[in-house]
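Asks: Take this structure, written in structure tokens, and hold onto it; I'll ask about it next.
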Amino acid sequence: MGADPDEELVRRIGAGDPAAVQAMVARKLPRILALAARMLGDAAEAEDVAQETFMRIWRHASGWRHGHARFDTWIHRVALNLCHDRLRRRREWTMDELPEVADEAPLPDVLPGDEERRVRQALQRIAPRQREAIVLVYYQELSNIEAASAMQVSVDALESLLARGRRALHAMLVGDDDDD
């Protein structure tokens, strides 16, 4: 494993250096916000997840072990765990509130020329682990090895999730085109 570009900053955060915390937030916040927004589909929740992620970094930086995992992988894992917690709470809440049969109708307000919105909505409709793999590799631009590590799965399992996720997205997006 090569040198971790965040190692010195993490060491300084662990030593209580407030300037290092500011530098880390400036360096990582846009990516963590983007990850959480794509996983949760909600900007306000994404901001909450990002804030909690950085609070955990500040509290646990002194315990991060260089060489065990790259810091970037670790921060993605923290953010993903927080996203999973929120998604789990949503499921638990909605299971008590929703009727037994889910509405399988397409999502409303999908305009033919609005590709970004269509992809974002389709991404929210695929299986969470497939969404996680796609977001990490295609949006966060992690390597397959880094993404597999962040998801705590093998590279083969990640590649399987990616393949299934791409197929699911393609089916939804092509299916949406057929409805026009």
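Asks: Neighbour counts of other C-beta atoms within 10 Å: give me H84, H76 arranged from fewest to most.
Replies: Fewest-to-most ranking of H84, H76: H84, H76.
Asks: Compute the convex hull volume of the Cα atoms of region 1-100, divide it by the residue count, and report the result per residue in Å³ as a whole number.
Replies: On the way: hull volume 11.1 nm³, N = 100.
It comes to 111 Å³ per residue, whole-number rounded.
Asks: Tell me, what HN-Hα J-couplings in whole Hz come from the Karplus equation 6.51 cos²θ - 1.76 cosθ + 1.60 at θ = phi - 60° for each residue of region 21-35, using x for Gly and Pro?
Replies: In residue order, the calculated couplings are 4, 4, 5, 5, 4, 4, 6, 10, 4, x, 5, 5, 4, 5, 4 Hz.
Asks: Can you sort M151, M39 from fewest to most other Cβ atoms within 10 Å of each residue's own Cβ? It would help to have the intermediate numbers written out before the result.
Replies: Numbers: M151 20, M39 26.
Ordered from fewest to most neighbouring Cβ atoms within 10 Å, M151, M39 come out as M151, M39.
Asks: If you don't mind, another one. If you place +1 on the Cβ of every Lys and Arg, -1 on the Cβ of every Asp and Glu, and leave all else neutral, what size is the dipole of region 10-52 about its Cα centre, to the nearest 20 Debye? Could the numbers behind the result be given before it?
Replies: Values: 6 positive and 6 negative charges, 82 e Å.
So the magnitude is around 400 debye.
None of the figures in this text is laboratory data; all of them are computed from the coordinates on show. Given the structure is predicted, the values throughout are model-derived calculations rather than measurements. So basically every Cβ, Gly included, is an ideal-geometry build from the backbone, and we count neighbours across all protein chains shown.
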